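We did not get these values from a lab; they are worked out from the coordinates using the rules stated. If you're wondering where the values come from, they're calculated on a predicted model, not measured in any experiment. We place every Cβ from the backbone using ideal geometry, glycine too, and count neighbours over all the protein chains shown.
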Amino acid sequence: MSLQLTALLYLISSILFILALRGLSSPETSRKGNTYGMVGMGIAVLTTIANLGDLSGSIVWVLVALVIGGGVGTVLARRIQMTAMPQLVAAMHSLVGLAAVLVAAAAFYNPAPYGILNAAGQITVAARIEMALGVIIGIITFSGSLVAFAKLQGLVSGSPVIFKGQHLVNAAIGLAILALTVAFCMNPSRELFWAVTILALIVGFTIIIPIGGADMPVVVSMLNSYSGWAAAGIGFTLQNPALIVTGALVGSSGAILSYIMCKGMNRSLFNVILGGFGGDTSAAAGGEKVDRAYKKGSADDAAFIMKNAGKVIIVPGYGMAVSQAQHALREMGDKLKEEGVEVKYAIHPVAGRMPGHMNVLLAEANVSYDEVFELEEINSEFQTADVAFVIGANDVTNPAARDDPKSPIYGMPILDVDKAKTVLFVKRSMASGYAGIDNELFYKDNTMMLLADAKKMVEDIVKGL
């Protein structure tokens, strides 16, 4: 394939990737965005295969890899539950990071086909720098994503793993990586290549393990950004413009998303990385707290209150995702609208385990996009609402974030559900949320706790309506 045609096809795929991101910025255009992305990736892959050149003898292995990867992706897409999507994303990031390391290793051990040799037959300094950055970012993404996956999947505790002098250890490893990278760029050797790789692998673990479960959504977004920059670095090594553009798009969008999420929690990215905030509350999840008084209601109580309301704002959270209650929730909303009740949905930026988690679930249940509002758009309406129906959203509704300067989450923007006339709070028990902090909303006079599985409770409310 000619260089001109290759460049044109890579340009087309890059434009499609940009259109894909644009499409994914809105639920109404997300399907079209996904289509753009798939077509763009198909063009990029086929163009790369057509330009294997001296590596054409490896076409069978390339096709085998495509079949295996495509098969695994198809099975995962069909079987994965939305509740497991965050850890799937983390797992995918780990594969992107590992791929970057493997490509860099291949280019290092056999540089001739990649066009990165100088007149003396040595790898160029620029290629060494690109290779080193790709390896470091890639392997950190790999090991860090494995930790994030394990925490989200519940394979290890979601609590921060903090040890004495951890920041000094990380700093020492970081300086060692920097020194070895400089040495590698000056005089590349296999020993230096793998020394940098191993140290970066270790620092990926030590950076992520102190981060608690409550900050995992930001970590996943941050690792997404890392995976993009790793791909872009390797794109320079391979002199592949499509990989450079794709990596830059993923890296920059992941960084912006991380910033948005940190803003949604009133924290800085450095605070997330160094803070170790958010514990594992699974141990306490089974038992109710009985040391404070609270109102406990039933599905019939909730149905009566909402049926006689003028305006109901529904606030979904991770509890809705776990119980797969979105379809029952939409049915409840439809029943209320038949009774003449105004129904809206309020989404917090960090509700669930990754950005857009709640939006996707509501879209899956065919909830109208016109009824779904972000925090900034709807927060002022709670004071005019008769009912705030909270289903599994805990930390993002905690008034302590607004009223208690001593609270660890003080300053985090929350949905002001407590300002509604009545708050109906669906939850399995009175246990604290993912951040490990008790929610003052549970004990307010205008709050009624509906303690049950979210799906079962909503289904019973629908029967009551």
Place +1 on the Cβ of every Lys and Arg and -1 on the Cβ of every Asp and Glu in segment 7-141, take the dipole about the Cα centre, and give the residue among 9, 95, 35 whose Cα lies farthest towards its positive end. 35
Give the residue from 148, 127, 189 lying farthest towards the positive end of the charge dipole for segment 83-275; charges sit on Cβ (+1 for Lys and Arg, -1 for Asp and Glu) and the dipole is referred to the Cα centre. 148
Partners for residue 337 among lysines (Cα-Cα distance below 17 Å; same-chain residues under 8 apart left out): 307, 311, 463
Using only Cα atoms, find the angle between the long axis of helix 190-208 and the longest principal axis of the chain, and express it within 0 to 90 degrees, rounded to the nearest 10. 10
Given 26-33, 221-228, 413-420, the highest-first ranking by average Cβ count within 10 Å works out to 221-228, 413-420, 26-33
Given charges of +1 on the Cβ of Lys and Arg and -1 on the Cβ of Asp and Glu, with all other atoms neutral, how large is the dipole of the chain about its Cα centre, in debye to the nearest 20? 700
Starting from segment 170-206, pick out the chymotrypsin sites (Phe, Trp or Tyr not before Pro) whose DSSP state is loop and whose Cβ has at most 15 other Cβ atoms within 10 Å. none
What percent of all Cα-Cα pairs in segment 83-275 falls in each 5 Å bin, counting up from 0? 1, 9, 16, 19, 19, 16, 10, 6, 3, 1, 0
Which distance in Å, rounded to a whole number, links the C-alpha centroids of segment 357-402 and segment 1-76? 37
All alpha-carbon distances of segment 1-102, grouped into 5 Å bins from 0, give the whole-percent distribution 2, 11, 13, 19, 24, 17, 8, 4, 1, 0
Pairing the Cα long axis of helix 241-264 with the longest principal axis of the chain, what angle in degrees results, from 0 to 90 and rounded to the nearest 10? 30
Assigning unit charges at the beta carbon (Lys, Arg +1; Asp, Glu -1) and nothing else, what dipole magnitude in debye, to the nearest 20, does segment 295-464 show about its Cα centre? 440
Filtered hits (lysines, Cα-Cα < 27 Å from residue 164, offset >= 8 within chain) -> 151, 406
Reachable aspartates and glutamates, given that their alpha-carbon falls under 15 Å from the alpha-carbon of residue 419 and they are not under 8 places away in the same chain: 381, 386, 403, 440, 445
